[in-house]
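In what follows, a single structure is set out as structure tokens and then discussed.
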Amino acid sequence: MDKSMREQHEQKINYLIAKRQEIEDASGFRIDPDLKLAYAWISDEIKHLKQNIFEQDYLKYEQRLNDVLNIGRNSK
């Protein structure tokens, strides 16, 4: 995931959080039955986008860790 893709994910997350908040505000923090599916979808989409960002961050961290450990082994 490059920087622009990550930025798009973060913008979409922020947009979805705002929409979810609108649903909560409109229904007095008790979700209307008509909006439950939309609310659930928004929450799931936020979860999946955050998971994608976490996975990419972890892969970068793992690669850096492997690079550091390999450098340590090669220098001995």
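The values are calculated or read from the model by the stated rules, or taken from the named source; none is laboratory data. What you see is a predicted model; the values in this text were computed from it and never measured. Quick reminder, even Gly has a Cβ in these numbers, built from the backbone with ideal geometry, and neighbours come from all protein chains shown. The protein model used for the area step is the full one, side chains on, heavy atoms only, and it has no ligands, DNA or RNA in it. Shrake-Rupley method; radii C 1.70, N 1.55, O 1.52, S 1.80 Å.
Before moving on, here are some points about what is shown:
- Residue-count net charge about N52 - beta-carbon cut-off 12 Å; Lys, Arg +1, Asp, Glu -1: 0
- Each residue of the stretch 38-45 is assigned a 3J(HN,Hα), and the resulting list reads 5, 4, 5, 5, 4, 4, 5, 5 Hz, derived from the Karplus form 6.51 cos²θ - 1.76 cosθ + 1.60 (θ = phi - 60°), x at Gly and Pro.
- For the stretch 14-66, the solvent-accessible area of protein heavy atoms averages 78 Å² per residue (probe radius 1.4 Å; ligands and nucleic acids excluded).
- Computed [θ] at 222 nm, helices only, for the chain once each DSSP H run of length n ≥ 4 contributes -39500 (n - 2.57): -30000 deg cm²/dmol
- Values [x] -0.50, -1.05; [y] -0.29, -1.18; [z] -0.28, -1.42 are given for comparison; log10 I(q)/I(0) by the Debye sum over Cα atoms at q = 0.12, 0.25 Å⁻¹, derived from the coordinates here, is the one labelled [x].
- Phi-based couplings in Hz for the stretch 48-64 (Karplus 6.51, -1.76, 1.60; Gly and Pro marked x): 5, 5, 5, 5, 4, 5, 4, 4, 5, 4, 5, 4, 5, 4, 4, 5, 5
- Taking 20 Å as the straight-line reach from the Cα of K3, the lysines in range (excluding those fewer than 8 positions away in the same chain) are K12, K47, K50, K60.
- Here the chain exposes an accessible surface that is 53 percent carbon and sulfur, computed with a 1.4 Å probe and the other protein chains kept in place.
- With Cα atoms, 0 to 90° folded angle of helix 3-26 axis to the chain main axis: 30
- For the stretch 1-39, the set of trypsin sites (Lys or Arg not before Pro) satisfying both a DSSP loop assignment and a count of at most 16 other C-beta atoms within 10 Å is given as R30.
- For I23, net neighbour charge (Lys/Arg +1, Asp/Glu -1) across residues whose Cβ lies under 15 Å away: -3
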